[in-house]
1. Which net charge results when you count Lys and Arg as +1 and Asp and Glu as -1 among the other residues whose beta-carbon is under 9 Å from that of A:Lys165?
2. Pull up the cross-link candidates among the lysines for A:Lys165, meaning alpha carbon to alpha carbon under 25 Å and not fewer than 8 places away within one chain.
3. Could you work out the local net charge near A:Pro379, counting Lys and Arg as +1, Asp and Glu as -1, over the other residues with Cβ closer than 10 Å to its Cβ?
4. Would you mind telling me the antiparallel percentage of the DSSP bridges in segment B:66-212, rounded to 5?
5. For chain B, what relative contact order do you get, as a whole percent, if you take Cα pairs closer than 8 Å and at least 6 residues apart?
6. Does segment A:90-215 classify as rounded, prolate or oblate by the C-alpha gyration tensor (a ≥ b ≥ c root eigenvalues; a/c under 1.5 gives rounded; else a/b over b/c gives prolate, otherwise oblate)?
7. How much length is gained on full extension from A:Ala417 to A:Ile311, taking 0.36 nm per residue of separation minus their Cα-Cα distance?
8. How much net charge surrounds B:Ala77 when only the other residues with a Cβ under 12 Å from the Cβ of B:Ala77 are counted, with Lys and Arg +1 and Asp and Glu -1?
Amino acid sequence: MPGKTLYDKVWDAHVVHAEDADTVLLYIDRHLVHEVTSPQAFEGLQLAGRKPWRIDSMIAVADHNVPTTSRSEGIDDPVARLQIETLDKNCDHFEITEFKMSDLRQGIVHVIGPEQGATLPGMTVVCGDSHTSTHGAFGALAFGIGTSEVEHVMATQTLLQQKSKSLLISVDGETGPGVTAKDIVLAIIGEIGTAGGTGYTIEFGGDAIKALSMEGRMTVCNMSIEAGARAGMVGVDDTTINYIKGRPFAPTGEQWEAAVAAWRNLKSDDDAVHDKVVRLDAASIEPQVSWGTSPEMVTSVGGHVPNPDEIDNEAKSEGMKRALEYMDLQPNTPISDIKLDRVFIGSCTNSRIEDLRAAAEVIKDRQVADSVKQALIVPGSGLVKQQAESEGLDEIFTNAGFEWREPGCSMCLAMNADKLGEGERCASTSNRNFEGRQGKGGRTHLVSPAMAAAAAIAGHFVDVRNF
Amino acid sequence: MKAFTKLDGLAVPLMRNNIDTDAIIPKQFLKSIKRSGFGVNLFDEWRYLDPGFPGQDPNDRQPDPDFVLNEERFAGAQVLIAGDNFGCGSSREHAVWALDDYGIRCVIAPAYADIFYNNSFKSGLLPIAVDKDTVNKLAEECENTPGYKLSIDLASQTITTPSGDVINFDIDAFRKDCLLEGLDEIGLTLQKRNLIQDYEASRKQSAPWLFG
Ligand code: SF4
């Protein structure tokens, strides 16, 4: 019998019961909750007279709707306020741990889970949010669920699940200088497409992934969903274990020793067989910039906007034309000629301390270009913000003309006041460049934090490696 | 969940690939704490020329006459024929609620994003996956045939076209049963309460740090 993949191992350890050949009842260890996808689940629970099965498995935080201006100003938008108050009320009622808006630990749900040590290797982690895949960086099986499933997990601590196939994406060799985790994952999506991972759980492997910090691995796993996969995972190694050690929710003492011993096994066996394997050469990956309205529409910074007329697949060519029209871009335009109105550094993809350090390194002693209307930096959590301030990064940002904000999802999805105006063009470190994602008629280009920082200074895209 | 057994419904073609959940229901409408009322904002940015905000009177909106759902002949459509990778993007079940609230009971597309596919069943919305050529053919017939209705029978897993063509589709047995019966999944799972407790007891032994 062949060995087991990492995915097999975590899956097998959580099967409560096999319903039939395809469907199992899967146990859930960690349930993260936020304000947008939980109110209807809490309501359903209460209407049925049910209670959460395991309150200690839950951590709640408001992130999507929170303002990023000073917390003392409260929330202007009454609809958003009601949603956040509803989360507070539900958490108070059921005594669920919640990091409220005034708490230093508040932040984007996928930033705070790992930061608190609440995401551990080998766990099943769910949240009513597709970027739950982020937590797979810890060798956890982590995936987004809809609100009905949120209610199912609350009520039963389980989910009815069908196992997916396994896709190994191996990024072999070493990346060049100036090439980050974001560039790796954008290059992967450019290669396999936004439906390339549909029906699969991805395992990211290869030397270039192993060389990444936990922050970098989280960036990669975060965008598994943009490649169509519900979950992305990375095997456990010293990097994983060192990151977790000493965090508030991490085990201690004898339990720590026992946990580490068990976690060491959380990687695919050498003789494990994946249903599909994709290999990328790390050395060939350059800093990436998306040019269209789907994350697969991406190219390297030295490249050009592609020409749909040169594509023989008609549906694809039509899709590209539509995207270029929306993005107001001409075929064959050099990427470095694209000028920006706004720059956004933040989101669960790129708002951790390392991301801010990378941006600061580029920004130091420089100024945001006059043509750029707004350059925002939104840290992923209150603790990230505090850390950045202790390193003096906030001063580098504000001296350069960036706005330094309170934590939240912000302009990643523009549910709060941070959004693009009609036709505005943005360099963004977030994960989705869909039509209207950052505001109706807004145009998003996905890039790494260093590339976004350089674009803010130059006013257009530039290769951060020669900047 | 709501049951789905049979449907005889007017179809409407929306043949774009990668129709994402942001397009199906834009984020400004996710601030609602209810499950209903999303139908008026289904495909909001495509459907209307003016920007939409929550709580707006639909009579004040400016529908885009070029958007297919606004065409008179497709009023009351219950079957949406769509392009590949339908429902990609976020996990928001609001996308399913919006389709359902609008009156769509079934989507036919070559493939779906996993989370959307899963979510659909919870509201009794049937997502049918058939090959691209078949979807294209249905979309073309629908475009060219006034009053084009499809008959969908979940029990026999068939779609019947107005000209009598019968198309078979796949669906896994568990989901099919739940949908046919309109089962309460949570109630069903809670009948296995003992199994969950047994699992927890053994897991507390083997991995106590997970119960900290
Ligand atoms: S930062 Fe963006 S992608 Fe991440 S959870 Fe918030 S809205 Fe979703």
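1. Here the count lands on +1.
2. Partners found: A:Lys4, A:Lys9, A:Lys182, A:Lys210, A:Lys267, A:Lys276, B:Lys122, B:Lys132, B:Lys176.
3. Values: positive: A:Arg352, A:Lys385, A:Arg405; negative: A:Asp355, A:Glu389, A:Asp394, A:Glu406.
Residues near A:Pro379 contribute -1 overall.
4. Numbers: 6 of 14 bridges.
So the antiparallel bridges in segment B:66-212 amount to around 45 percent.
5. Details: 377 pairs, mean separation 56.0, N = 212.
Worked out over chain B, it gives 26 percent.
6. Numbers: a/c = 2.44, a/b = 1.51, b/c = 1.62.
In terms of gyration-tensor shape, oblate.
7. Working: separation 106, 0.36 × 106 = 38.16 nm, distance 3.91 nm.
That works out to 34.3 nm of additional length.
8. Values: positive: B:Arg73, B:Arg105, B:Lys149; negative: B:Glu71, B:Glu72.
Every neighbour counted, the sum reads +1.
Coordinate-derived values only; no laboratory data. All values reported here derive from a predicted model rather than from experimental measurement. Positions of Cβ are generated from backbone atoms using ideal geometry, with glycine treated the same way; all protein chains shown enter the neighbour counts.
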